[in-house]
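Comments concern the structure below.
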Amino acid sequence: MLTDVQQEILRLKKEKDFCILAHCYQTPDILEIADFTGDSFALSTKAMDVPNKNILMCGVRFMAETVKIFSPEKHVYLSKSDAGCPMAEQLTPEELRSLKAQYPEHTVVAYVNTTSALKTLCDVCVTSSSAVQILKKMPEQKILFIPDCNLGDFVQKQVPDKEIVMIKGGCPVHGAMTAGDVMKAKAAHPDAKFLVHPECPPEVTAMADYAGSTTGIMDYAVKSEAKSFIIGTENSIVQHLQLMCPDKMFYPLSKRCVCHDMKLTTLVDVLNVLKGTEGEEILMDEEMRLKAKGCMDRMLELGQ
Ligand code: 13P
Ligand code: SF4
């Protein structure tokens, strides 16, 4: 049963020709009114196929920028201006330029969690669900991987023939998970399968039964015969899985695994963007968009 606010959102969405995209880390009331939900990869490409002239991204800034890069003709909105991803802003374009000068023979692979300005300097983009496949397909041997060294380490273990240089960066939320958290959760739930996002540190990922993107974790849990799971990613996934599979049990790896940027958007913010009283339209200089699109196009080409 939809609430009055949700019904008003659905009415306005149709009237104003909006498509609402929501990352899986958003709250259930937002996922219920979204046209598409998914991980970073699914959302980055989805907007290209929709007929609507307006797109609202419920997520963080780099996700809205990614939509704009692929769909310049659409009006793309971010529900909350200050919903950023701290990892996306860890490296400045100047710092990347000096890294490139240090490693002139290396191909720059960027996690999609980067600003558009950084993407203009990169060769290929990857997401957590496509990174291993893309690195395997790339003919280049020498890679400079930015900015998440935990994801970089996860990829390196599965693509050992490449020489991957990493920098010290990553997600402050997933990166704060520890082996101690895993031991504590496993002691409390000894029969549970442990599913983890590769943004977690290598010693945490090494203890998992499965490591993959947000939707990879959700698919695994839904299809698995197991009855209980420790979830090593943002805690909204625990909540969503519990609603999707009430006959199974889901436990957070740690109550600290919460992304406050992802949690900034509320259902009323969504309503206000549709009313035109809140939200920020993403505007991008065409030269920057075209330069940033290069590494995103290569991601699509290699990630199919
Ligand atoms: P995915 O959506 O690719 O799983 O990434 C998780 C994340 O932290 C998004 O910011
Ligand atoms: Fe960024 Fe981490 Fe939040 Fe994802 S969970 S948006 S990587 S800070």
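The values are calculated or read from the model by the stated rules, or taken from the named source; none is laboratory data. Just so we're clear, the structure is a prediction, and the values are computed from it rather than from any experiment. Reconstructed Cβ throughout: ideal geometry from the backbone, glycine too, with neighbour counts over all protein chains shown. Areas reflect the complete protein model, heavy atoms only, side chains present, ligands, DNA and RNA absent. Shrake-Rupley method; radii C 1.70, N 1.55, O 1.52, S 1.80 Å.
Things to note:
- Scope segment 200-239; condition open to solvent by 10 Å² or more (accessible area, probe 1.4 Å) and within 17 Å of VAL258 (Cβ to Cβ); matching residues: ASN235, VAL238, GLN239
- Test: residue in segment 264-286 that is in a loop (DSSP other than H, G, I, E, B) and under 21 Å from LEU151 (Cα atoms): no
- Counting only strands (runs of 3 or more DSSP E) that sit completely within segment 85-170, those holding 2 or more residues that are touching a Leu at 6+ places or on another chain (Cβ under 7 Å) and not aromatic (Phe, Trp, Tyr) correspond to 107-111, 142-146.
- With respect to (1) surrounded by 23 or more Cβ atoms within 10 Å (Cβ to Cβ); (2) in contact (Cβ under 8 Å) with a residue 60 or more places away in the chain, the lone exception for THR45 is condition (1).
- Residue count for segment 38-60 satisfying the condition of being modelled with pLDDT under 95 and within 13 Å of ligand 1 (Cβ to nearest atom): 9.
- Selected residue [hydroxyl-bearing (Ser, Thr, Tyr), open to solvent by 10 Å² or more (accessible area, probe 1.4 Å) and touching a Gly at 6+ places or on another chain (Cβ under 9 Å)] from THR127, THR92, THR120: THR120
- Restricting TYR103, TYR25 to residues that are within 16 Å of ligand 2 (Cβ to nearest atom) and open to solvent by 10 Å² or more (accessible area, probe 1.4 Å) narrows the list to TYR25.
- The condition of being without any contact (Cβ under 8 Å) to a residue 60 or more places away in the chain and polar (S, T, N, Q) holds for only one of THR92, THR27, THR66, that being THR92.
- Each residue in segment 207-263 was checked for being part of a helix (DSSP H, G or I) and either at pLDDT 95 or above or of a type outside the set (Ser, Thr, Tyr) (or both), and 17 pass.
- Against the test of being more than 22 Å from the chain's Cα centre (by Cα) and not acidic (Asp, Glu), the options LYS137, LYS119, LYS162 yield a single qualifying residue, LYS162.
- Members of segment 238-257 that are within 16 Å of ligand 1 (Cβ to nearest atom) and farther than 12 Å from THR27 by Cβ: VAL238, LEU241, PRO252, LEU253, SER254, ARG256, CYS257
- Residue within segment 57-74 that is of a type in the set (Ser, Thr, Tyr), more than 18 Å from GLU234 (Cβ to Cβ) and buried (at least 16 other Cβ atoms within 10 Å of the Cβ) present: yes
- In segment 171-186, residue least open to solvent (accessible area, probe 1.4 Å) [restricted to those that are within 13 Å of ligand 1 (Cβ to nearest atom) and either in contact with a Leu (Cβ under 8 Å, 6 or more places away or on another chain) or not in a helix (DSSP H, G or I) (or both)]: MET177
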